[in-house]
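Quick notes on the structure that follows.
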Amino acid sequence: MTQTIHNVTVLGSGVLGSQIAFQAAFHGFAVTVYDINDDILADARKRFGALAEVYATQAPTPEGVDGKAAADQALAGLRYSSDLADAAKDADLVIEAIPEILDLKRKVFGNLNDVAPSSTIFATNSSTLLPSDIADATGRPDRFLALHFANEVWLHNTAEIMGTAQTDPEVFDTIVDFATKIGAVPIPMHKEKAGYVLNSLLVPFLTAALELAADGYAEPHDVDKVWSIATGAPLGPFRIFDIVGLHTPYNIMANGTDLERRLAQWLKDNYIDQGKLGRASGEGFYTYPQN
Ligand code: NAD
């Protein structure tokens, strides 16, 4: 048995929160967007306007559905609130996408528990925290789990779903079903793992690539060639570094093991300090035409 989800509230209207909210609205859910004040929500409205244009042309739609009409309808249907009680009052599901700060998330879930109906399911989109770090603060650990999306959710539409030992299996199944209904590909995880599936694979892969280049075994472009030619993968690891942006791996590795700190320093000395920050800056391991 799964619960029926009609009303979805998203906490945080930043990069991922806005995408999650729009993805759900685009697939017909009634979505409320919550953020801490009305100025931020005014900026969010602009972000949603831009997202509507992206969805109209890029987002896959079911057979016979017009993307532009669905995007316009999603945009018009969004409800905005900077009052948590008002935002949560009718929610069947609240998805949290606020900054990656454990104490902040715990506090916000505690406040949410005081105002949301007892039946509401709570989900966190956290990338690096485990749901069990937060579960007790929600006041309803049986109705809480992680639902993790990737950036540009309309294209990279995985939904990694990770409960704790306390998550009710019916709640877990409800979220698997919800993920499918918003056009995502649900990836149910059987137990908690930092990094979910994607980063458990990607981080060691990128670290190994960096070690090959930093320790002088092979040129970055040749590492990419080997990966692409030998496996058929469209992108090698250094292309992926450029897309992610070099600051993010630098920040992660600068606090890691001895090897990771050494690789972070190499990245800083040879790329970051020279303004080569990846695709967004026009140059990283590759150069990119800027318009
Ligand atoms: P962001 O900084 O773009 O947005 C955060 C939003 O939360 C802002 O709009 C901010 O005003 C709002 N906020 C701050 N305090 C709040 C509060 N107390 N209540 C409600 N809203 C509050 O961050 P983001 O990149 O969207 O990341 C949000 C979450 O999503 C993080 O947990 C992150 O790990 C996760 N995530 C991010 C990505 C990504 O690529 N950016 C990918 C997957 C998951």
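The values are calculated or read from the model by the stated rules, or taken from the named source; none is laboratory data. Bear in mind that the values here come from a model prediction, so they are computed numbers and not experimental data. With ideal geometry, Cβ positions are generated from the backbone for all residues, glycine too; neighbour counts draw on all protein chains shown.
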Quick one: count up the residues across region 225-245 that are at pLDDT 95 or above and either in a loop (DSSP other than H, G, I, E, B) or not assigned by the TED database to the domain that holds residue 270 (or both).
5
Could you give me the residue pairs with C-beta distances under 6 Å whose first residue belongs to region 265-283 and is closer than 11 Å to residue 244 by Cα, whose second residue is part of a helix (DSSP H, G or I) wherever it lies, and which are 6+ apart or on separate chains?
278/242; 279/242; 279/243
Which is under 19 Å from residue 179 (Cβ atoms) and charged (D, E, K, R), of 92, 114, 133?
92
Those residues of region 121-153 which are under 16 Å from residue 14 (Cα atoms) and not acidic (Asp, Glu) amount to 124, 125, 126, 127, 148, 149, 150, 151, 153
If you take the residues of region 48-80 that are acidic (Asp, Glu) and surrounded by 12 or more Cβ atoms within 10 Å (Cβ to Cβ), which of them is nearest to residue 152 (Cα to Cα)?
53
Condition test on residue 81, is it near the ligand (Cβ under 9 Å from one of its atoms) and among the small types (Gly, Ala, Ser)?
no
Is one or more of the residues making up region 103-124 assigned by the TED database to the domain that holds residue 40, within 14 Å of the ligand (Cβ to nearest atom), in contact (Cβ under 8 Å) with a residue 12 or more places away in the chain and under 18 Å from residue 197 (Cβ atoms)?
yes
Take the residues in region 1-24 that are in contact with a strand residue (DSSP E or B) (Cβ under 6 Å, 6 or more places away or on another chain) and β-branched (Val, Ile, Thr), then tell me which one is surrounded by the fewest Cβ atoms within 10 Å (Cβ to Cβ).
5
Complete set of residues in region 25-47 that are buried (at least 23 other Cβ atoms within 10 Å of the Cβ) and farther than 24 Å from residue 111 by Cα
25, 26
Any chance region 169-178 includes a residue that's within 13 Å of the ligand (Cβ to nearest atom), closer than 19 Å to residue 3 by Cα and among the polar types (S, T, N, Q)?
no
So which residues in region 151-162 are outside any strand (DSSP E or B), within 13 Å of the ligand (Cβ to nearest atom) and either crowded, with 17+ Cβ neighbours inside 10 Å or free of Cβ contacts under 8 Å to residues at least 24 places away in the same chain (or both)?
153, 156, 157
Within the bounds of region 89-98, is there any residue that is over 21 Å from residue 186 (Cβ atoms) and either acidic (Asp, Glu) or within 12 Å of the ligand (Cβ to nearest atom) (or both)?
yes
For residue 56, only one of the following conditions fails: (1) of a type in the set (Gly, Ala, Ser); (2) within 22 Å of residue 180 (Cβ to Cβ); (3) modelled with pLDDT of 95 or more; (4) more than 15 Å from the ligand (Cβ to nearest atom). What is its number?
(2)
